[in-house]
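Okay, so here's the structure we're looking at.
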Amino acid sequence: MIHTDGSVGTDVDGGSPCLTIAPSIPHLIESHALADSVATWRPWPVGSLAATAIALVDGLVDVPESSWGPSRWRLSDTVAAMDYDSWDPENPRRRTLVRSRDEAGHSQVQEVLDG
């Protein structure tokens with residue numbers, strides 16, 4: 001669904017109110033394109049790193065064209081992270097997805113995990 005303000009939404013279960021998922025079609029496209037570009041990188045278990053922990057990885061920069069309030073992408077040459085609000089209204093929480101490539105990226109993420 002596209003709202004009159006240009007935001008993009010969805011009906012999660014066919015009977016719920018519209019949930020805004022992106023502020024615009026270009027933001028949604030860029031977010032999906034970034035997700036596709038790192039899809040072959042090594043995924044880390046969902047929730048293994050909080051957004052505050054992944055912020056400790058050197059070289060990560062915000063990707064504003066792929067991010068908005070409840071969804072934030074950060075990227076380096078070897079690590080990609082997206083933290084986002086869950087869509088579950090009964091169990092709201094912030095989740096972080098992390099992917100890394102090459103030994104350098106894997107090492108950076110492991111260092112943060114080991115604390």
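The values are calculated or read from the model by the stated rules, or taken from the named source; none is laboratory data. It should be emphasised that the depicted structure is a prediction, and the values quoted were computed from it without experimental measurement. All Cβ positions, glycine included, derive from the backbone under ideal geometry; neighbour counts span all protein chains shown. The accessibility values were calculated without ligands, DNA or RNA, using every heavy atom of the protein model including side chains. Shrake-Rupley method; radii C 1.70, N 1.55, O 1.52, S 1.80 Å.
Overview of values
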item	result
Positive-end extreme of charge dipole, the chain - chosen from L28, W73, G115 (charges on Cβ)	G115
Heavy-atom accessible surface of the chain: percent carbon and sulfur, 1.4 Å	55 percent
Residue-normalised accessible area of the chain, expressed per residue, 1.4 Å probe, Å²	60 Å²
Tilt relative to the chain, helix 25-37 - C-alpha long axis, 0 to 90 degrees, to 10	30 degrees
Helix-only CD estimate at 222 nm, as mean residue ellipticity for the chain, using -39500 (n - 2.57) per DSSP H run (n ≥ 4)	-7500 deg cm²/dmol
Solvent exposure, largest accessible area first (probe 1.4 Å, DNA, RNA and ligands not counted), of D62, D77, D11, D83	D77, D62, D11, D83
Reported label for calculated Cα Rg over 2.2 N^0.38 Å given (i) 2.82; (ii) 1.32; (iii) 1.13	(iii)
Dipole magnitude of region 22-115, debye to nearest 20 (Cβ charges: Lys/Arg +1, Asp/Glu -1, about Cα centre)	160 debye
